[in-house]
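Step one of this worksheet: look at the structure below.
The values are calculated or read from the model by the stated rules, or taken from the named source; none is laboratory data. In this text, all values refer to a predicted model and were calculated from it rather than measured experimentally. Here the Cβ positions follow ideal geometry from the backbone for every residue, glycine too, while neighbour counts run over all protein chains shown. To get the accessible areas, we keep the full protein, side chains included, count just its heavy atoms, and leave off ligands, DNA and RNA. Shrake-Rupley method; radii C 1.70, N 1.55, O 1.52, S 1.80 Å.
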Amino acid sequence: MSLAHHYRRLLLAYPRPYRRERGEELLGLLLDTSPPGRTRPTVAAALNLLRNGLRCRLGRPASRTVVAWAALTALICGLFTAALAARAAWETSRPQPDRAEAAAALATTLPGHRATRIDSATALFEVGGEPVGVRGLPWLLVRGRAYQEGSTVVSAANRPLTTPAQVLDTARQQLVDAGWQVSPTAHRTGGIGARGGPDVELTATRGDTALRLVLPTGAAGSFLTLELRRTTPPAVLPAAVVAGLAGALTGWFVFGWASRRGQSRREVTLLYWITMWLWAGPALAAAPVLLLHQVRLPHPQWHPLWEWLGLPTASPLFLLGLIAASAALIRAARPGPQPEPLPRPAAA
């Protein structure tokens, strides 16, 4: 493969109008300044071409902040596409534990305790205990906060004369013997037990199943609950990373196209600002709260990525932002005044 062919591939980082107008001139300059016998560009030259090409795609050569806004747009688009891919990859998970698996888990964790009620999960993810179908999408917009992973919950009566400390010691030893990875210590939750004290929570994982045991600190004979759900499937992380990188790159290119087309159209800039507030605002509000919650209480796994972005709680705001972004792109696509002359980035 010739040196010219390598340079032509790197020049694809520049927008098409730039390549059409100055591509051959830049290619000739690159070839003329290359040492004789070289067959590939140096790493520094390749990175320089990519950097200047991506900057050239943003237009607005006099702007000092356009790169920062392009980076913010790429970040937000990457996070949203990663969250969407993560949710799709969750479909590789096994169904939530059924009643038989939950009853067996109780018998393993606390032998001799009798299940009084078992509420099985209706779906992998639920809204208020109900699966989300096509008809339930409008309801999801109203009750987005209630959207969460389904779980099978067992309610059991604590045996007489059994204190919470005895229950925890028994459960921890039984789970370890059965091959579960048990959290080192039990934590107090925000719930209130039978005597006004906080509930105590113990968590454990085995394979793709997470267990959560919650018992009140009240008198012996009070009820306890055991919750089972699936852990994050292995496919989620690679799917989110690949989709996030693709989304970020796409966001950068789309932003650059709209920036060049809309640099003389104030309405495009206004719609962009509206989109950023509607998309970034919920994430900025949700992430610190969720991080504090994640640190304070034990979790066998991290909360899904979409919750860190404020979704689906703020899904109405996301949809409004999507409308604003679509309007900005439509307005940028309409014929208008010719954009400012393209900048002449350094070749090397």
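What does the accessible area per residue of the chain come to in Å², with a 1.4 Å probe and no ligands, DNA or RNA counted?
For the chain, the per-residue accessible area is 55 Å².
Taking Cα atoms only, the orientation of helix 43-57 departs from the longest principal axis of the chain by about 90 degrees. Report in % the part of the accessible area of the chain that belongs to carbon and sulfur, leaving out ligands and nucleic acids; probe 1.4 Å. Roughly 64 percent, rounded to a whole number.
Between Thr33 and Ser63, the FRET efficiency estimated from the beta carbon spacing at R0 = 41 angstrom works out to 0.90.
Under 5 Å from the amide H of Phe125 lie the amide H atoms of Gly150, each residue being 5 or more positions distant or on a separate chain, with H modelled from the backbone and absent for Pro and chain starts. Contact order for the range 72-164, expressed relative to its length and based on alpha carbon pairs under 8 Å spaced 6+ residues apart, stands at 31 percent. Nearest 10 degrees, 0 to 90: what angle lies between the long axis of helix 99-109 and the longest principal axis of the chain (Cα atoms)? The angle comes out near 70 degrees.
Considering the chain at the alpha-carbon level, its Rg and Dmax are found to be 27.9, 90 Å. Here the range 1-135 is treated as an ellipsoid with the same Cα gyration tensor; its semi-axes, largest first and in whole Å, are 59, 20, 13. Considering only alpha-carbon pairs that sit under 8 angstrom and 6 or more positions apart, the relative contact order computed for the chain is 23 percent.
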